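The values are calculated or read from the model by the stated rules, or taken from the named source; none is laboratory data. Given the structure is predicted, the values throughout are model-derived calculations rather than measurements. Glycine gets a Cβ as well: all are built from the backbone with ideal geometry, and neighbour counts include every protein chain shown.
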Amino acid sequence: MLDTASNPVTPDAQSAGGVSDPGPATDSTRLRAATGAIRTLGTNPATAPIMLHPGDAIPTRRRVLYIILLGALTALGPFTIDLYLPAFPVLEDDFQTTSAAIQLTLTGTMIGFAVGQLVVGPLSDKVGRRMPLIAVTVLHVLASAAAALSPTLITLGAARFFMGVGAAAGGVVAMAIVRDLFGGKRLVVMLSRLALVSGVAPVIAPLIGSALLIVMPWQGIFVVLAVYGIVMLVCTVFFIPETLPPARRHDKGSTTTWQRYRSVLSDRVFLGVLVIGGMNFSGLFSYLSASPFLFQEGYGFDPQAYGLLFAVNSLGIVFGVQMASRLAARFGPQWVLAFSTAGTVVFGAAIILADSLGLGLWGTMVPLFLFITSVGFGFPCVQVLALDRHGKAAGTAASILGAVNFGVAGAISPLVGWLSASAGITATTMASVMVGCGAIAVIALWTIVRPRTVQALTP
């Protein structure tokens, strides 16, 4: 296990992925950066490498392993939420209910996800990263099994809520672990990898769900999610290190949950980014929750064609996230957000215009792809601006960010169905919610965050 707060990390410990003891630490050998990370100059500052953060000493191979595992943990939440989206029409028929009622099971999942993060994040700052992760992953497995056995829509909704709670730890703890290990511009790169997963997973999950529906009933999707949870549980037990040792859990100013919440929520930039992140996710999930009905019922897609649409749109997420990480490191994440938030408004409005002109399927799909790409540009920037300033409360900051992202998205996305009423979901009703979310994000960026006041990233 990698102990990030014991003695300074040296290259000699790389092969083991741990920490060696170079001898007694002095003021010249150990300096604490503003982020709370340990700066190591070694016994000979003139020749030893400078390590601003604990993760700097991790060899590339082990770093790749951590990113793969943390990425898989991050994906558990989006897969839990979105894997069953292609089954919405089937669920509507099986339970003899309305599309709005089926969408409420999605809302319940996202609310559970938000509640779980609010608990798991501060708890991980208090007791370490591994224990909360293991506990709620077990809950996810049990809830997934209950969902597969649900005889009514009410029991399915309850199971989905607890699935959301159980999936909450993956994303929030993964971000906290990355923040424990890295800071500054390298944090941008590492978080961009997780942002890629959190952005792509909601988009490709319906593709996988569509494929699963070919070979199994909708209940089988929840069996697959239970197996996914079991795999993540095993990987956590054997491969995920504890990156927050006891010494760092009791730092001054971070001893209580209230102190951590107060520290994070008193940060103006964090509050602004919180609004932007929530609106980004709300715009994306408005599309995700409405698209099964829009494309399968409105445009006549079968589940496989619907899944292919999601695969194409996932490329927009990939491109947006990767380009954003490079641009954010060079120009600052706040300026990338300036363009991405504006893009969501412009391209969402383009969908409405194309629909009013009767341009059909392509009039919807092209600006929709550009909208999703703009959302992808925003993902890593939001995470960096939220976490870089709060190293000692990374779990709390990540939990608030995740809770707001999914909680607000869960509350807003059903608006598409309610606006449509009995007329059915259209491109215009879907895009109207997306444009509204983008407009709020633009306002929050320029009135709360105020890009010109944000300090440049540290090395």
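Could you tell me which residue of the range 410-459 is surrounded by the most Cβ atoms within 10 Å (Cβ to Cβ), considering only residues that are at pLDDT below 85, of a type outside the set (A, V, I, L, M, F, W, C) and in a helix (DSSP H, G or I)?
Applying the filter and picking the extreme gives G410.
Do we find that P303 is within 27 Å of V188 (Cα to Cα) and of a type outside the set (A, V, I, L, M, F, W, C) in this structure?
Details: within 27 Å of V188 (Cα to Cα): no; of a type outside the set (A, V, I, L, M, F, W, C): yes.
It is false that P303 is within 27 Å of V188 (Cα to Cα) and of a type outside the set (A, V, I, L, M, F, W, C).
What are the pairs, 6+ residues apart or on separate chains, where a residue within the range 297-315 that is without any contact (Cβ under 8 Å) to a residue 12 or more places away in the chain has its Cβ under 6 Å from a residue that is assigned to a helix (DSSP H, G or I)?
Hits for this filter: F301/F295.
Whether any residue in the range 399-409 is buried (at least 23 other Cβ atoms within 10 Å of the Cβ), in a helix (DSSP H, G or I) and modelled with pLDDT of 90 or more is what I want to check.
No, every residue in the range 399-409 fails to be buried (at least 23 other Cβ atoms within 10 Å of the Cβ), in a helix (DSSP H, G or I) and modelled with pLDDT of 90 or more.
Only one of (1) of a type in the set (A, V, I, L, M); (2) modelled with pLDDT of 90 or more; (3) within 25 Å of I177 (Cα to Cα) is not met by V127, so which one is it?
Here V127 clears every test but (2).
Just to be sure before I move on: is F295 more than 25 Å from the chain's Cα centre (by Cα), part of a helix (DSSP H, G or I) and in the same structural domain as G417 (by TED's automatic domain parsing) in the structure I sent?
Values: more than 25 Å from the chain's Cα centre (by Cα): yes; part of a helix (DSSP H, G or I): yes; in the same structural domain as G417 (by TED's automatic domain parsing): yes.
Against the criterion (more than 25 Å from the chain's Cα centre (by Cα), part of a helix (DSSP H, G or I) and in the same structural domain as G417 (by TED's automatic domain parsing)), F295 qualifies.
Does at least one position in the range 346-363 carry a residue that is surrounded by 18 or more Cβ atoms within 10 Å (Cβ to Cβ), in contact with an Asp or Glu (Cβ under 9 Å, 6 or more places away or on another chain), assigned to a helix (DSSP H, G or I) and at pLDDT 90 or above?
Going through the range 346-363, the residues surrounded by 18 or more Cβ atoms within 10 Å (Cβ to Cβ) turn out to be 347-352, 354-355, 363.
Within this subset, residues satisfying the condition of being in contact with an Asp or Glu (Cβ under 9 Å, 6 or more places away or on another chain) are 363.
With assigned to a helix (DSSP H, G or I) added as a condition, the list becomes 363.
Filter once more, keeping what is at pLDDT 90 or above: 363.
Yes - at least one qualifying residue is present in the range 346-363.
Checking I221 against (1) crowded, with 19+ Cβ neighbours inside 10 Å; (2) modelled with pLDDT of 80 or more; (3) within 18 Å of V172 (Cα to Cα), only one condition comes out false. Which one?
(3)
Considering the range 143-190 alone, what residues qualify as being crowded, with 24+ Cβ neighbours inside 10 Å, within 16 Å of the chain's Cα centre (by Cα) and more than 18 Å from Q117 (Cα to Cα)?
Hits for the range 143-190 are L187, V188, M190.
When you scan the range 232-255, do you find a residue that is in the same structural domain as L370 (by TED's automatic domain parsing), modelled with pLDDT of 90 or more, over 21 Å from Q383 (Cβ atoms) and outside any helix (DSSP H, G or I), even just one?
So far as the range 232-255 goes, no, none of its residues is in the same structural domain as L370 (by TED's automatic domain parsing), modelled with pLDDT of 90 or more, over 21 Å from Q383 (Cβ atoms) and outside any helix (DSSP H, G or I).
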